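Each value in this text was obtained by applying a stated rule to the coordinates, not by laboratory testing. Please read these numbers as outputs of a predicted model, since none were measured by experiment. Reconstructed Cβ throughout: ideal geometry from the backbone, glycine too, with neighbour counts over all protein chains shown.
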Amino acid sequence: MAGGGMMRRKRSGVAVTDVIALILVVGSVLAIFYSIYYGETVRAELMQEGKEIYITARQWVFQPNRIVVKAGQPVTLVIYGADVLHGFQIEKLGIDKVVYPGQEIRITITFDKPGTYIFRCSRYCGEPYPGSGIGHWTMTGVIIVE
């Protein structure tokens, strides 16, 4: 070696923790899309007038998590907290309600125009199972207005 000094080799590559973090992020995104598009669907037009849509909030899912309604049709969502404290938020409409364990809340909405409205749990509802790719951040659903 010239000059008698030691040469250090730079380490290149990706850390294992970076790979794990990437896998968790991708898994979470896939879980959200899967739950929105392949979850249980309720079509409000099949209900008789005056009926309500019942949604159960439990770690880490809304059931049903896909609701289809017609524009101009009033819809009452009845959200029941099955286990721990949850929230029910439709950010587009400025709705954010607390859902207490063992209790239900009612929200009556008339959607004026067609569109897609994402709802999500807005209160932290617990630690996910390690490696499951699901947790509080995957607790979402969609209301499709036709």
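Pop the C-beta distance of Y124 and R58 into the FRET formula with R0 = 25 Å and round what comes out to the nearest 0.05.
So, using R0 = 25 Å, E works out to roughly 0.95.
So if R0 is 22 Å, what FRET efficiency would T17 and T116 give, r being the distance between their Cβ atoms, rounded to the nearest 0.05?
0.05
Sorted by mean Cβ packing within 10 Å, highest first, what order do the peptides 134-140, 89-95 take?
134-140, 89-95
Gain in length, V84 to V98, computed as 0.36 nm per residue apart minus the alpha-carbon separation, to one decimal in nm?
Details: separation 14, 0.36 × 14 = 5.04 nm, distance 1.09 nm.
Residue separation times 0.36 nm, minus the Cα-Cα distance, leaves 3.9 nm.
From the phi of every residue in the range 52-67, what ³J(HN,Hα) in whole Hz does the Karplus formula 6.51 cos²θ - 1.76 cosθ + 1.60 yield, where θ is phi - 60° and glycine or proline is x?
Using θ = phi - 60°, the values come out as 10, 9, 9, 10, 9, 9, 9, 3, 10, 8, 9, 10, x, 10, 9, 10 Hz.
Counting only residues 5 or more places away or on other chains, whose amide H sits under 5 Å from the amide H of I67 once H atoms are built in the peptide plane?
Residues meeting the criterion, in which the H sits 1.01 Å from N, are V42, V142, I143, I144.
Kindly write out, for the range 115-125 in residue order, the coupling ³J(HN,Hα) from the Karplus curve 6.51 cos²θ - 1.76 cosθ + 1.60 (θ = phi - 60°), rounded to whole Hz, with x marking Gly and Pro.
x, 10, 10, 7, 10, 8, 7, 9, 10, 4, 10
Could you pull out every residue, at least 5 positions away or on a different chain, whose amide H is within less than 5 Å of the one on T56? Hs are placed 1.01 Å off N in the peptide plane, and Pro or chain starts have none.
Long-range HN contacts for T56: Q63, Y80.
Could you order the peptides 97-103, 67-73 from most to least packed, using the average number of other C-beta atoms within 10 Å per residue?
On the way: 97-103: 14.0, 67-73: 16.1.
Descending packing order for the listed peptides: 67-73, 97-103.
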